[in-house]
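Novice: Would you mind keeping the following structure in view while I ask a few things?
Since every read-out is calculated from the coordinates, none of them should be taken as a lab result. Not measured: the values here are computed from a predicted model. Ideal geometry is used to build each Cβ from the backbone, glycine not excepted, and the neighbour counts take in all protein chains shown.
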Amino acid sequence: MLPKIFKPNYEYNLIRFGKDNDGGYLVEKQSIFKSKSLISLGLGHDWSFEKDYYKSNKKPIYCYDHSVSYSSIRKYSLRSLGSYFFRIFKPKYFLKKKFFSNMLDDIFLFVDYKNFFKDSKKHFKQRIGPGKDGVNINHILNKNNIELPVFIKIDIEGSEYRILDELLKFQNNITGIVIEFHDFDIHINRIIKFIENLEMDLVHIHPQNPAPINDYNIPTQIEISFAKNPEKISNNPKIPNDLDQPANPSFNEIEIKFAND
């Protein structure tokens, strides 16, 4: 059971950006269109959120992920080719249209990377965090002369806690945020403090079902979306939302319960 602070106060005008299942996020519509650029922290092998943002908004995109490069993606594509080759003759895969769509996406991912990240869509091979090779929000904003305000997407495998104070510091220049919190259950008090000091509305919350729940039925990994002055469409919050999808469709969704409900 989650503290009531994690429950949205209303139902908001949400849209889904990113691919089906893992990689897609629900964000408040106006927080996207009011932004003049996107800062995306964490890519992996999936920039479907960034592609949907650019398709809808045509504004600059600044992505940071030190683990991703053209050569690493090319190797991923080659491994995917080998993996799909051994599965393609199995009936349970052969008859599935989505299987072939995913296969082509993975095999030609290096082409998609090269075509997408150019001009106003930039990928920086730098990590978020301390040390000479790390960068923070202040560095990102100042070095790139980024047009403000920005929308920020964050999925950096636990390093999100290192930049929460910076997000508060620069929140006047942010229209909205979506964060994937890892080890949510053991950092819950820190997240509550962040929410209390953030002058935005919590507009959506969604647990990641591949990650387990703890002994108190609290998800260990969860996505939370925030927006400044979001558009309300109902006085009754809707959790789960009709646009929600399980991160892993092979597992059941995790049901969230809030205190005092």
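Novice: About its Cα centre, how strong a charge dipole does the chain have in debye, to the nearest 20, once Lys and Arg get +1 and Asp and Glu get -1 at the Cβ?
Specialist: Once rounded to the nearest 20, the dipole reads 1120 debye.
Novice: Show me the three semi-axes of the equivalent ellipsoid for segment 138-261, from the C-alpha gyration tensor (sqrt of 5 times each eigenvalue), largest first, rounded to whole Å.
Specialist: 26, 18, 14
Novice: Divide by every residue of the chain the summed helix terms, -39500 (n - 2.57) for each DSSP H run of at least 4, and state the resulting mean residue ellipticity at 222 nm, rounded to the nearest 500 deg cm²/dmol.
Specialist: Helices in the chain give a 222 nm mean residue ellipticity of -8500 deg cm²/dmol.
Novice: Pulled fully out, how much extra length does the chain show between GLU196 and LYS36, if you take 0.36 nm times their separation in residues and subtract their Cα-Cα distance? Write down the numbers at each step before the final one.
Specialist: Working: separation 160, 0.36 × 160 = 57.60 nm, distance 2.59 nm.
Result for the pair: 55.0 nm of gain on full extension.
Novice: Give me THR220, THR175 ranked fewest to most by other Cβ atoms within 10 Å of their Cβ, as a rough exposure proxy.
Specialist: THR220, THR175
Novice: Please build a GNM for the chain, connecting alpha carbons under 10 Å apart, and tell me which residue among PRO230, PRO212, PRO149 fluctuates the most.
Specialist: Per the Cα network of the chain with a 10 Å cutoff, PRO212 tops the list.
Novice: Here's a follow-up. In Å, the Kirkwood hydrodynamic radius of the chain over pairs of distinct alpha carbons?
Specialist: About 19.4 Å for the chain.
Novice: Here is a further query. Would you mind computing, in nm to one decimal, how far apart the modelled labels at TYR10 and ASN173 are, each placed 7 Å from Cα along Cα→Cβ?
Specialist: About 2.9 nm separates the two model spin labels.
Novice: I need the Debye-formula profile for segment 157-230: one equal scatterer per C-alpha, no solvent, reported as log10 I(q)/I(0) at q = 0.16, 0.24 1/Å, two decimals.
Specialist: Values returned for q = 0.16, 0.24 Å⁻¹ are -0.56, -1.16.
Novice: Compute the separation of the alpha-carbon centres of segment 1-80 and segment 122-192 and state it in Å as a whole number.
Specialist: Going from one Cα centre to the other spans 13 Å.
Novice: Structure shown: which of LYS55/LYS122; LYS59/LYS125; LYS75/LYS132 lie over 23 Å apart, alpha-carbon to alpha-carbon?
Specialist: Those over the limit are LYS75/LYS132.
Novice: Please state the shape class of segment 1-47: rounded when a/c is under 1.5, otherwise prolate if a/b exceeds b/c and oblate if not, all from the C-alpha gyration tensor.
Specialist: Numbers: a/c = 1.98, a/b = 1.35, b/c = 1.47.
Oblate.
Novice: Could you identify which residue out of LEU38, LEU164, LEU243 has the top mean-square fluctuation in a GNM of the chain using Cα springs shorter than 10 Å?
Specialist: Taking springs between Cα atoms under 10 Å, the residue moving most is LEU243.
Novice: Hey, rough spin-label estimate for ASN189 and ASP119, points 7 angstrom out along Cα→Cβ, what's it come to in nanometres?
Specialist: 5.0
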